[in-house]
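Please see the structure below; I have some questions.
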Amino acid sequence: MTATIQHRAAALVLDAFLDYNARFSDITRRAKRRFERRDWKYVRVDAAARIDLYEVCVRETLGRLELLLEERVRSRAIWAQIRNELEILVAPMLDHEFPKTFFNSMSRRFFHTDGVATDIEFVALDSEPTEGIDDATDLNSYSAADGLAAVCERILADYPFANGYADIAGCVKSIARRLGAHMRAIGVKRADSIDLIKTAFFRERRAYLIGRVSTAQGDMPLVIALISSADGVRADAVISNVDQVSLIFSYTRSYFHVDLPTVSDVVVFLGALLPHKPIEELYTVLGRAKQGKTERYRHLFRHLGNHPGERLVRADGERGMVMAVFTPKSYPLVFKVIRDQFAYPKDIARRQVEEKYLLVFRYDRIGRLVDAQEYRHLRFPRRQFDEDMLEELLSQCAETVSLDGEEVLVRHCYVERRLRPMNLYVREAPPDAARRAMLDYGQSIKDLARSNIFPGDLLLKNFGITRGGRAIFYDYDELCLLDTCCFRTIPEARFEDETRPLEEWLTVREGDVFPEMFPRFLGVPADLRQALIEVHGEIFDAEWWRGIQQGIARGDYSDIPPYPPSARLHPPSAAQES
């Protein structure tokens, strides 16, 4: 029997998705070779190429579909039938939601859909992509009956690298000793078994072996972090604390490169170990950002539908000059909409703001920049908006936000995890917590600088505090690469200028930054400002910033691991850092 044109089109879409998946895997598999060869420059090249691949493949597939369907490509009825045929084709796949999301991307792009088109999209707010999946299927399992040292020896043997382990006996001993200490610290006498995902995870300059330790008291996560040094691979850290493992999978980190045959079963496995981690963030951090966006949308609008009393209100904190920001009161996301006009002294355009957010999306976020996902053409129930928030959006973001009957159409926005603005946090928190946050703010600025990022605006209102107390930068409209800045010391005033305001006699060019002026704008009590100066006073010195720039120009690398120093097995050597 000759296949219908709709079936052929559905098969074409599935074939295109599988081609995308194969190309995605090709890039991902390079990570192991990059790690072994310490080819760090191309680690970033591959990360950006893999992010860009999805849009490339969607465009290619739309072109193929137009050639197949010719004038019928404009028929919504045909697209609806293709969707139904595709649903049948993908039903046996474990990751069956992935090609559905791919189809939705094509449909929305072709028809410029506002909101959701239920006739030509897969829409199932009540479904879960992991439903019916019990556990990760591709695990290496080890009995711990012979002791931790024997298990660790078998583990490293099962995860070989072309450049070999520098000191495999030492690595085995260090891993076993640290894991045993972790277990004793939480009252666990012995491990029954260890299960590890068969594929190593790669990100930036590290590889990770990820799994669980099963004990009589229950399962605990296990992460073994590896570094590739000049003399071979070494174990760098062992992490089994849930909160510390969660940081490794944080929305403030870049995406892993891990070549998984299927993804949803691994999401289930990780979700069991990290019960507070939203499923959408696990998909995203595994590199499946589009599926992560789909799951975030699904969960958010399910929440809004199930809670008709939910209110969309202005987010806490100072009003931004560039963005209008709203949030559901009881759901931890914020929606950032670019204003039509920016208040003085902002002198940038919408396109520049979008470029800043794209830079962060493609950059190594080193645990200090929140992942901002870009959404288009969202529809919200008008009745759920607070009136003053809706009025602000309609009056100041009219190019992006409009009313359509009883719905509010948001044509473009960025969605981020909601954090407590730091300027509010330091007023509300107990003194010790406020001091820790202030010191981590200083460390955050240093971490960003060493990764060639200058936040631009260091006001506390542009930083948020996570549940774990980390200071994260989330306002990107003035962010830039550090090597584009000119850090200057304020010159000594001439005699005739001593009584004049600084701005009247100091010449300032575009890109000029005066770090010694930063403390004037912190807006914190004197004790917190003094604590920051005592520990991180260098950030107020132009010479320190120029030194960081010189190091970046030389190609120096500053290691910023996603786990605390206490998790490391030994201090890193210069050879390991280079």
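Select from region 54-78 the residues that are among the charged types (D, E, K, R), open to solvent by less than 90 Å² (accessible area, probe 1.4 Å) and without any contact (Cβ under 8 Å) to a residue 40 or more places away in the chain and list them in ascending order.
55, 66
Here's the yes/no breakdown for (1) more than 21 Å from residue 324 (Cβ to Cβ); (2) among the acidic types (Asp, Glu):
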residue	(1), (2)
420	no, no
444	yes, no
464	no, no
467	yes, no
470	yes, no
475	no, yes
483	yes, yes
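Further question on the same structure: For region 343-393, which positions are of a type in the set (D, E, K, R), in a helix (DSSP H, G or I) and either over 21 Å from residue 473 (Cα atoms) or touching a helix residue (DSSP H, G or I) at 6+ places or on another chain (Cβ under 9 Å) (or both)?
Here is the first cut: in region 343-393, the ones of a type in the set (D, E, K, R) are 346-347, 350-351, 354-356, 362, 364-365, 368, 371, 374, 376, 379, 382-383, 386-388, 391-392.
Narrowing the set further to residues that are in a helix (DSSP H, G or I) leaves 350-351, 354-356, 362, 382-383, 387-388, 391-392.
Answer for region 343-393, where residues must be of a type in the set (D, E, K, R), in a helix (DSSP H, G or I) and either over 21 Å from residue 473 (Cα atoms) or touching a helix residue (DSSP H, G or I) at 6+ places or on another chain (Cβ under 9 Å) (or both): 362, 382, 383, 387, 388, 391, 392.
Let me ask something else about it. Name the single residue that is surrounded by the fewest Cβ atoms within 10 Å (Cβ to Cβ) among those in region 545-569 being of a type in the set (D, E, K, R) and without any contact (Cβ under 8 Å) to a residue 60 or more places away in the chain. Spell out the reasoning first.
We begin by selecting, within region 545-569, every residue of a type in the set (D, E, K, R); these are 546, 554, 556, 559, 568.
Then keep just the ones that are without any contact (Cβ under 8 Å) to a residue 60 or more places away in the chain; that gives 546, 554, 556.
Values: 546: 16, 554: 8, 556: 12.
So, considering only residues that are of a type in the set (D, E, K, R) and without any contact (Cβ under 8 Å) to a residue 60 or more places away in the chain, the one surrounded by the fewest Cβ atoms within 10 Å (Cβ to Cβ) is 554.
Looking only at region 3-48, which residues are exposed (fewer than 15 other Cβ atoms within 10 Å of the Cβ) and of a type in the set (A, V, I, L, M)?
Selection gives 3, 18, 22, 45, 48.
Exactly one condition in (1) in contact with an Asp or Glu (Cβ under 6 Å, 6 or more places away or on another chain); (2) open to solvent by less than 60 Å² (accessible area, probe 1.4 Å); (3) of a type in the set (Ser, Thr, Tyr) is not met by residue 142; state its number.
Among (1) in contact with an Asp or Glu (Cβ under 6 Å, 6 or more places away or on another chain); (2) open to solvent by less than 60 Å² (accessible area, probe 1.4 Å); (3) of a type in the set (Ser, Thr, Tyr), the lone unmet condition for residue 142 is (1).
If we keep just the residues of region 198-211 that are in a strand (DSSP E or B) and out of contact with any helix residue (DSSP H, G or I) (no Cβ under 6 Å at 6 or more places or on another chain), which is farthest from residue 271 (Cα to Cα)? So that I can check it myself, show each step before the final result.
The initial filter retains those residues of region 198-211 that are in a strand (DSSP E or B), namely 201-203, 206-211.
If we keep only those that are out of contact with any helix residue (DSSP H, G or I) (no Cβ under 6 Å at 6 or more places or on another chain) as well, we get 201, 203, 206, 208-211.
Numbers: 201: 16, 203: 20, 206: 22, 208: 17, 209: 16, 210: 13, 211: 12 Å.
Among residues in region 198-211 that are in a strand (DSSP E or B) and out of contact with any helix residue (DSSP H, G or I) (no Cβ under 6 Å at 6 or more places or on another chain), the one farthest from residue 271 (Cα to Cα) is 206.
Which count do you get for residues in region 312-342 that are among the basic types (Lys, Arg) and either part of a helix (DSSP H, G or I) or over 15 Å from residue 393 (Cα atoms) (or both)?
Pass one, region 312-342, residues among the basic types (Lys, Arg): 314, 319, 329, 336, 339.
Subsequent filtering for residues that are either part of a helix (DSSP H, G or I) or over 15 Å from residue 393 (Cα atoms) (or both) retains 329.
Summing the residues that are among the basic types (Lys, Arg) and either part of a helix (DSSP H, G or I) or over 15 Å from residue 393 (Cα atoms) (or both) in region 312-342 gives 1.
Would you say residue 115 is assigned to a loop (DSSP other than H, G, I, E, B), within 29 Å of the chain's Cα centre (by Cα), modelled with pLDDT under 95 and under 18 Å from residue 301 (Cα atoms)?
Details: assigned to a loop (DSSP other than H, G, I, E, B): yes; within 29 Å of the chain's Cα centre (by Cα): yes; modelled with pLDDT under 95: yes; under 18 Å from residue 301 (Cα atoms): yes.
Against the criterion (assigned to a loop (DSSP other than H, G, I, E, B), within 29 Å of the chain's Cα centre (by Cα), modelled with pLDDT under 95 and under 18 Å from residue 301 (Cα atoms)), residue 115 qualifies.
Here is a further query. Could you give every pair whose Cβ atoms fall below 7 Å, whose first residue belongs to region 345-369 and is open to solvent by less than 30 Å² (accessible area, probe 1.4 Å), and whose second residue is in a helix (DSSP H, G or I) and of a type in the set (Lys, Arg), counting only separations of at least 6 or pairs across chains?
364/44
Right, something else. Which members of region 407-455 meet the condition of being of a type in the set (Phe, Trp, Tyr), under 30 Å from residue 295 (Cβ atoms) and open to solvent by less than 20 Å² (accessible area, probe 1.4 Å)? Talk me through it step by step, then tell me what you get.
Within region 407-455, the first condition is being of a type in the set (Phe, Trp, Tyr), and the residues that meet it are 414, 425, 441, 454.
Going one step further and asking which of them are under 30 Å from residue 295 (Cβ atoms), we end up with 414, 425.
Within region 407-455, just 414 meets the criteria.
Which one is surrounded by the most Cβ atoms within 10 Å (Cβ to Cβ) among residues in region 88-104 that are in a helix (DSSP H, G or I) and more than 30 Å from the chain's Cα centre (by Cα)?
Narrowing region 88-104 to residues in a helix (DSSP H, G or I): 88-90, 97-104.
Subset that is more than 30 Å from the chain's Cα centre (by Cα): 88-89.
On the way: 88: 10, 89: 16.
Of everything passing the filter in region 88-104, 89 is surrounded by the most Cβ atoms within 10 Å (Cβ to Cβ).
Here is a further query. Please work out if residue 208 is under 23 Å from residue 43 (Cα atoms) and open to solvent by 20 Å² or more (accessible area, probe 1.4 Å). Give the derivation first.
Values: under 23 Å from residue 43 (Cα atoms): yes; open to solvent by 20 Å² or more (accessible area, probe 1.4 Å): no.
No, not satisfied.
If you don't mind, there's one more thing I want to ask. Say whether the condition of being more than 18 Å from residue 148 (Cβ to Cβ), open to solvent by 10 Å² or more (accessible area, probe 1.4 Å) and assigned to a loop (DSSP other than H, G, I, E, B) is met by at least one residue in region 231-241.
Yes, because at least one residue in region 231-241 is more than 18 Å from residue 148 (Cβ to Cβ), open to solvent by 10 Å² or more (accessible area, probe 1.4 Å) and assigned to a loop (DSSP other than H, G, I, E, B).
Just for region 31-53: of the residues that are over 19 Å from the mean Cα position of the chain (by Cα) and in contact (Cβ under 8 Å) with a residue 60 or more places away in the chain, which one is nearest to residue 96 (Cα to Cα)?
Initial filter on region 31-53 (over 19 Å from the mean Cα position of the chain (by Cα)): 32-42.
Restricting the remaining residues to those that are in contact (Cβ under 8 Å) with a residue 60 or more places away in the chain gives 32-38, 40.
Numbers: 32: 27, 33: 30, 34: 31, 35: 31, 36: 33, 37: 35, 38: 36, 40: 34 Å.
Looking at the filtered set, the residue picked out is 32.
Which numbered condition trips up residue 469, out of (1) under 21 Å from the mean Cα position of the chain (by Cα); (2) crowded, with 17+ Cβ neighbours inside 10 Å; (3) of a type outside the set (A, V, I, L, M, F, W, C)?
(2)
Hey, another quick one. Pull up region 458-500, narrow it to residues that are in contact with a helix residue (DSSP H, G or I) (Cβ under 8 Å, 6 or more places away or on another chain) and β-branched (Val, Ile, Thr), then point me to the one that is modelled with the lowest pLDDT.
Only one residue fits best here, namely 490.
Answer with yes or no whether residue 402 is in a strand (DSSP E or B) and either of a type in the set (Gly, Ala, Ser) or within 17 Å of residue 323 (Cα to Cα) (or both).
Values: in a strand (DSSP E or B): yes; either of a type in the set (Gly, Ala, Ser) or within 17 Å of residue 323 (Cα to Cα) (or both): yes.
Judged against the criteria, residue 402 is a match.
Separate question: Among the residues of region 175-200 satisfying the criterion of being open to solvent by less than 10 Å² (accessible area, probe 1.4 Å) and within 14 Å of residue 140 (Cβ to Cβ), which is farthest from the chain's Cα centre (by Cα)?
This residue is 194.
So which residues in region 379-398 are within 30 Å of residue 283 (Cα to Cα) and either open to solvent by less than 10 Å² (accessible area, probe 1.4 Å) or of a type in the set (Phe, Trp, Tyr) (or both), if there are any at all? Write out each step before concluding.
Residues of region 379-398 within 30 Å of residue 283 (Cα to Cα): 379-381, 384-385.
Scanning region 379-398 gives 380, 384, 385.
Look through 169, 157, 117 and report the one residue that is of a type in the set (A, V, I, L, M, F, W, C), without any contact (Cβ under 8 Å) to a residue 60 or more places away in the chain, over 20 Å from residue 215 (Cα atoms) and open to solvent by less than 30 Å² (accessible area, probe 1.4 Å).
Answer to the selection: 117.
Tell me, yes or no, whether region 420-443 has at least one residue that is among the β-branched types (Val, Ile, Thr), touching a residue at least 40 places away in the same chain (Cβ under 8 Å) and part of a helix (DSSP H, G or I).
So the first thing to find is which residues in region 420-443 are among the β-branched types (Val, Ile, Thr), and the list is 426.
So of that shortlist, the ones also touching a residue at least 40 places away in the same chain (Cβ under 8 Å) come out as 426.
Within this subset, residues satisfying the condition of being part of a helix (DSSP H, G or I) are 426.
Looking for residues that are among the β-branched types (Val, Ile, Thr), touching a residue at least 40 places away in the same chain (Cβ under 8 Å) and part of a helix (DSSP H, G or I), one finds at least one in region 420-443, hence yes.
Search region 313-344 for residues being in contact (Cβ under 8 Å) with a residue 60 or more places away in the chain and of a type in the set (Val, Ile, Thr), and hand back the single one that is surrounded by the fewest Cβ atoms within 10 Å (Cβ to Cβ).
313
I would also like to ask the following. Residue 150: small (Gly, Ala, Ser), surrounded by fewer than 20 Cβ atoms within 10 Å (Cβ to Cβ) and not in a strand (DSSP E or B), yes or no?
Numbers: small (Gly, Ala, Ser): yes; surrounded by fewer than 20 Cβ atoms within 10 Å (Cβ to Cβ): yes; not in a strand (DSSP E or B): yes.
When the stated conditions are applied, residue 150 passes them.
The values are calculated or read from the model by the stated rules, or taken from the named source; none is laboratory data. Bear in mind the structure is a predicted one, so any value in this text is a computation, not a measurement. Cβ coordinates were reconstructed from backbone atoms using ideal geometry, including for glycine residues, and neighbour counts include every protein chain displayed. When the accessible area is computed, the model is the full protein with side chains, heavy atoms only, and any ligands, DNA or RNA have been set aside. Shrake-Rupley method; radii C 1.70, N 1.55, O 1.52, S 1.80 Å.
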